[in-house]
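The values are calculated or read from the model by the stated rules, or taken from the named source; none is laboratory data. Nothing here was measured: the structure is a model prediction, and the numbers come from that model. We place every Cβ from the backbone using ideal geometry, glycine too, and count neighbours over all the protein chains shown. When the accessible area is computed, the model is the full protein with side chains, heavy atoms only, and any ligands, DNA or RNA have been set aside. Shrake-Rupley method; radii C 1.70, N 1.55, O 1.52, S 1.80 Å.
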Amino acid sequence: MSREPFLERLQSGPAILGDGAWGTMLFARGLPTGDAPERVCLERPELLTGIAGLYLEAGAEVVTTNTFGANPERLGLHGLTDSLEEICHEAVAAIRRAVGERAWVSGSIGPTGVLLVPFGRLDPAAASAGFARQAAALAAAGADLLCVETMTDLAEAELAVRAVREAAPGLPVVATMSFEATRRGFFTVMGATPAKAAVRLEVAGAHAVGANCGDGDTMAGIAREFRAHCALPIAVRPNAGLPTLVDGALVHPESPEAMAARVPELLEAGVHLLGGCCGTTPVHIRAMRQALDGKEWKREQ
Amino acid sequence: MDLLKELSENLRLGDDEAVRAGTRAALAEGLAADDILRDAFLAGMAVVGEEFGRREIFLPDVLLAARAMQAGMEILKPHLARDGAPPAGRVVLGTVQGDLHDIGKNLVGILLRGAGFEVIDLGTDVSAARFLEAAESAGAQVIGLSALLTTTMPRMAEVVALVRERGLGERVKVIVGGAPVTQAFADGIGADGWGFDAESAVRRVKALMEGA
């Protein structure tokens with residue numbers, strides 16, 4: 001292993017740059033909508049290796065697996081639950097082929113998409129078991145870290161972090177939620193605030209906490225709120241804005257330059273791990289890389 | 001009237017038991033079922049929708065209130081006049097083809113029903129043809145489209161195009177929403193409306209019904 005351990009770098013700096021969107025890249029390469037994006041891991045892993053290579057080349061130090069929905073609930077919608085382990089294995093292997101030890105491989109763990117009781121039908125024990133199964137599979141496949149991401153229900157996020165820590169005790173876990181700006185501050189649609197998320201995700205065992213899949217201009221404010229409520233490293237991955245239709249094609253409005261311009265503010269807000277979510281491409285990541293390299297990283301406390 | 005206010009309040013708090021008891025008590029008092037529906041249930045859900053719109057409450061609170069209303073409706077339904085108040089309108093609702101996300105769409109359905117609309121929920125992964133079929137057979141005035149994935153947003157354009165193609169543009173309005181969907185996108189595909197969230201979707205549907 002030529003790289004230093006992820007956790008050491010996360011804690012001692014300089015700030016780590018992750019990758020950008022995967023769905024955006026895959027759909028641009030003809031992935032049909034409606035099918036499970038995870039099926040690509042089984043049927044066209046070379047696409048994943050190719051995209052990972054682009055992110056590595058752009059300067060990403062963490063590359064994420066295409067396993068966002070590789071939990072029993074979501075795979076079940078496509079009859080793929082039995083393939084969960086194989087999907088996770090192929091997903092990690094496809095990234096590793098591109099990055100070797102030059103980048104950390106982060107195993108993506110997204111929400112189940114089903115609400116927990118009493119608000120929905122999902123039993124907490126079943127949800128935990130599903131997250132544990134996914135984490136164990138990603139760990140067995142050789143992931144360097146796991147990221148529990150795009151959560152809106154703090155109960156589900158906590159339960160995921162706990163399950164993941166137990167199933168993959170050797171791996172660092174980054175936990176991020178999706179917040180929106182309201183007149184009363186930042187909230188997820190389920191009502192979680194960054195302050196509550198910071199405290200409860202830290203207690204649940206996360207190694208880094210923060211936000212992903214939100215507007216770029218909310219991220220520094222959210223990061224500051226996390227910073228004020230926990231001592232963990234902060235992670236943020238904003239979207240490249242919300243897409244509009246230009247000549248019949250969906251276009252994310254935020255330019256690489258605009259995303260890069262936010263980097264200094266994010267670092268000042270205490271962000272240790274940054275990257276992009278929906279709509280961000282290797283071009284955005286390259287711009288952020290340059291912004292990061294031109295900036296003296298200051299250690300928090 | 002106090003009885004109905006209390007009932008409305010208990011509905012907002014999502015207290016199923018209290019709503020059941022309050023509904024029974026109101027009926028025992030001789031209050032008309034249609035009045036209970038309007039002044040307690042729909043009034044309560046309207047407040048729930050507004051509070052959610054201001055993010056004073058969140059999705060869990062809305063879901064609990066909806067369930068409490070459902071509990072009350074089970075008791076109230078047999079007493080409602082068959083020729084009672086007509087629905088505020090008929091809406092065909094669904095998540096577009098290729099998209100299996102339903103939390104947001106369900107929330108819109110809850111608030112539309114809470115506002116007195118009849119909702120025909122087609123579920124997720126619904127094709128443009130199925131939206132049109134359902135809207136025509138139900139005589140719906142509005143089609144509501146949801147998408148969470150940026151990649152399925154173009155499906156919304158297909159539904160709008162099909163409505164135009166069949167010459168239904170005057171009779172059937174299309175409103176779109178979902179996390180990545182913006183007003184600019186809605187305008188771009190020629191949709192009649194856009195909901196920033198479930199509460200604004202209901203307001204927009206009401207406005208469309210009034211011909212705005």
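Could you tell me whether region B:70-87 includes any residue that is within 10 Å of another protein chain (Cβ to nearest Cβ) and in contact (Cβ under 8 Å) with a residue 40 or more places away in the chain? Write out each step before concluding.
Keep residues of region B:70-87 that are within 10 Å of another protein chain (Cβ to nearest Cβ), which gives none.
No; the residues of region B:70-87 include none that is within 10 Å of another protein chain (Cβ to nearest Cβ) and in contact (Cβ under 8 Å) with a residue 40 or more places away in the chain.
Test of understanding: among B:115, B:85, B:66, which residue is open to solvent by 50 Å² or more (accessible area, probe 1.4 Å), modelled with pLDDT under 95 and under 18 Å from the mean Cα position of the chain (by Cα)?
On the way: B:115 fails: open to solvent by 50 Å² or more (accessible area, probe 1.4 Å); B:66 fails: open to solvent by 50 Å² or more (accessible area, probe 1.4 Å).
Answer to the selection: B:85.
Looking at (1) out of contact with any Gly (no Cβ under 9 Å at 6 or more places or on another chain); (2) in a helix (DSSP H, G or I), which is the one condition that is false for residue B:34?
Single failed check for residue B:34: (1).
Hey, among B:46, B:81, B:71, which residue is outside any helix (DSSP H, G or I) and at negative phi? Full working, then the answer.
On the way: B:46 fails: outside any helix (DSSP H, G or I); B:71 fails: outside any helix (DSSP H, G or I).
Of B:46, B:81, B:71, the one residue that is outside any helix (DSSP H, G or I) and at negative phi is B:81.
Considering only region A:197-233, state which residues are within 14 Å of chain B (Cβ to nearest Cβ) and aliphatic (A, V, I, L, M).
Across region A:197-233, the qualifying residue is only A:197.
Across region A:96-146, what is the number of residues that are within 14 Å of another protein chain (Cβ to nearest Cβ) and of a type in the set (A, V, I, L, M)? So that I can check it myself, show each step before the final result.
Let us first name the residues in region A:96-146 that are within 14 Å of another protein chain (Cβ to nearest Cβ), namely A:110-122.
Imposing the further condition that a residue be of a type in the set (A, V, I, L, M) reduces the set to A:114-117, A:122.
Matching residues across region A:96-146 total 5.
Here's a check for you: in region A:241-285, which residue that is in contact (Cβ under 8 Å) with a residue 60 or more places away in the chain and farther than 22 Å from residue A:104 by Cβ is least open to solvent (accessible area, probe 1.4 Å)? Let's see the steps before the verdict.
Filtering region A:241-285 down to residues in contact (Cβ under 8 Å) with a residue 60 or more places away in the chain leaves A:252, A:267, A:271-285.
Retained after the next criterion (residues that are farther than 22 Å from residue A:104 by Cβ): A:252, A:279.
Working: A:252: 37, A:279: 5 Å².
Of everything passing the filter in region A:241-285, A:279 is least open to solvent (accessible area, probe 1.4 Å).
Looking at region A:8-93, what helices (runs of 4 or more DSSP H) fall wholly within it and have at least 3 residues that are at pLDDT below 95? Break it down into steps so the answer makes sense when it comes.
Numbers: elements: A:23-28, A:39-43, A:45-58, A:72-76.
Those helices (runs of 4 or more DSSP H) span A:23-28.
When the residues of region B:125-142 are filtered to those that are in contact with a helix residue (DSSP H, G or I) (Cβ under 9 Å, 6 or more places away or on another chain) and open to solvent by less than 20 Å² (accessible area, probe 1.4 Å), which remaining residue is nearest to the other protein chains (Cβ to nearest Cβ)?
B:126
Looking at A:100, A:59, A:79 in this structure, which one is touching a strand residue (DSSP E or B) at 6+ places or on another chain (Cβ under 9 Å) and surrounded by fewer than 24 Cβ atoms within 10 Å (Cβ to Cβ)? Talk me through it step by step, then tell me what you get.
Values: A:100 fails: touching a strand residue (DSSP E or B) at 6+ places or on another chain (Cβ under 9 Å); A:79 fails: touching a strand residue (DSSP E or B) at 6+ places or on another chain (Cβ under 9 Å).
That would be A:59, the only listed residue that is touching a strand residue (DSSP E or B) at 6+ places or on another chain (Cβ under 9 Å) and surrounded by fewer than 24 Cβ atoms within 10 Å (Cβ to Cβ).
Scan region B:143-153 and give yes if some residue there is in a helix (DSSP H, G or I), within 27 Å of residue B:62 (Cα to Cα), within 14 Å of chain A (Cβ to nearest Cβ) and touching a residue at least 12 places away in the same chain (Cβ under 8 Å), otherwise no. Steps first, answer last, please.
Kept after step one, since they are in a helix (DSSP H, G or I), are these residues of region B:143-153: B:150-152.
Then keep just the ones that are within 27 Å of residue B:62 (Cα to Cα); that gives B:150, B:152.
Filter again for within 14 Å of chain A (Cβ to nearest Cβ), leaving B:150, B:152.
Next, from what is left, pick out any that are touching a residue at least 12 places away in the same chain (Cβ under 8 Å): B:150, B:152.
Yes, some residue in region B:143-153 is in a helix (DSSP H, G or I), within 27 Å of residue B:62 (Cα to Cα), within 14 Å of chain A (Cβ to nearest Cβ) and touching a residue at least 12 places away in the same chain (Cβ under 8 Å).
Please enumerate the residues belonging to region B:164-199 that are within 11 Å of chain A (Cβ to nearest Cβ), open to solvent by 40 Å² or more (accessible area, probe 1.4 Å) and within 18 Å of the chain's Cα centre (by Cα).
Correct list: B:179, B:196.
Residue check: is residue A:293 over 19 Å from the mean Cα position of the chain (by Cα) and surrounded by fewer than 20 Cβ atoms within 10 Å (Cβ to Cβ)? Give the steps one after another, and end with the answer.
Values: over 19 Å from the mean Cα position of the chain (by Cα): yes; surrounded by fewer than 20 Cβ atoms within 10 Å (Cβ to Cβ): yes.
Taking the combined requirement at face value, the residue satisfies it.
Can you name the residue in region B:88-112 that is part of a loop (DSSP other than H, G, I, E, B), open to solvent by less than 30 Å² (accessible area, probe 1.4 Å) and over 26 Å from residue B:36 (Cβ atoms) and is also nearest to the other protein chains (Cβ to nearest Cβ) among such residues?
Of all residues in region B:88-112, those part of a loop (DSSP other than H, G, I, E, B) come to B:88-89, B:97-102.
Those still in the list that are open to solvent by less than 30 Å² (accessible area, probe 1.4 Å) too: B:89, B:98-99.
Filter once more, so that each one left must be over 26 Å from residue B:36 (Cβ atoms): B:98-99.
Numbers: B:98: 3, B:99: 7 Å.
The selected residue is B:98.
Which members of region B:116-142 meet the condition of being free of Cβ contacts under 8 Å to residues at least 24 places away in the same chain and among the small types (Gly, Ala, Ser)?
Within region B:116-142, the subset free of Cβ contacts under 8 Å to residues at least 24 places away in the same chain is B:133, B:137.
Hit for region B:116-142 is B:137, nothing else.
Restrict the check to region B:50-60 and report whether at least one residue is open to solvent by 40 Å² or more (accessible area, probe 1.4 Å) and within 13 Å of the chain's Cα centre (by Cα). So that I can check it myself, show each step before the final result.
Residues of region B:50-60 that are open to solvent by 40 Å² or more (accessible area, probe 1.4 Å), as a first pass: B:50, B:54, B:56.
Right, trim to within 13 Å of the chain's Cα centre (by Cα) and you get none.
Checked region B:50-60: no residue is open to solvent by 40 Å² or more (accessible area, probe 1.4 Å) and within 13 Å of the chain's Cα centre (by Cα).
Grab the strands (runs of 3 or more DSSP E) fully contained in region A:141-240, keeping just those with 1 or more residues being surrounded by 24 or more Cβ atoms within 10 Å (Cβ to Cβ). Before you say what the answer is, go through the steps one by one.
On the way: elements: A:145-151, A:173-177, A:180-182, A:185-187, A:208-212, A:234-237.
Fully inside region A:141-240 and qualifying: A:145-151, A:173-177, A:208-212, A:234-237.
Of everything in region A:158-196, what is among the hydrophobic types (A, V, I, L, M, F, W, C) and within 14 Å of chain B (Cβ to nearest Cβ)? Give them in sequence order. Spell out the reasoning first.
Step one: of region A:158-196, the residues among the hydrophobic types (A, V, I, L, M, F, W, C) are A:159-161, A:163-164, A:167-168, A:171, A:173-175, A:177, A:179, A:181, A:186-187, A:189-190, A:192, A:195.
Once the filter is applied, which keeps residues that are among the hydrophobic types (A, V, I, L, M, F, W, C) and within 14 Å of chain B (Cβ to nearest Cβ), region A:158-196 yields A:177, A:179, A:181, A:186, A:187, A:189, A:190, A:192.
Could you check, for region B:154-164, whether at least one of its residues is touching a helix residue (DSSP H, G or I) at 6+ places or on another chain (Cβ under 8 Å), of a type outside the set (D, E, K, R), touching a residue at least 12 places away in the same chain (Cβ under 8 Å) and assigned to a loop (DSSP other than H, G, I, E, B)?
There is no residue in region B:154-164 that is touching a helix residue (DSSP H, G or I) at 6+ places or on another chain (Cβ under 8 Å), of a type outside the set (D, E, K, R), touching a residue at least 12 places away in the same chain (Cβ under 8 Å) and assigned to a loop (DSSP other than H, G, I, E, B).
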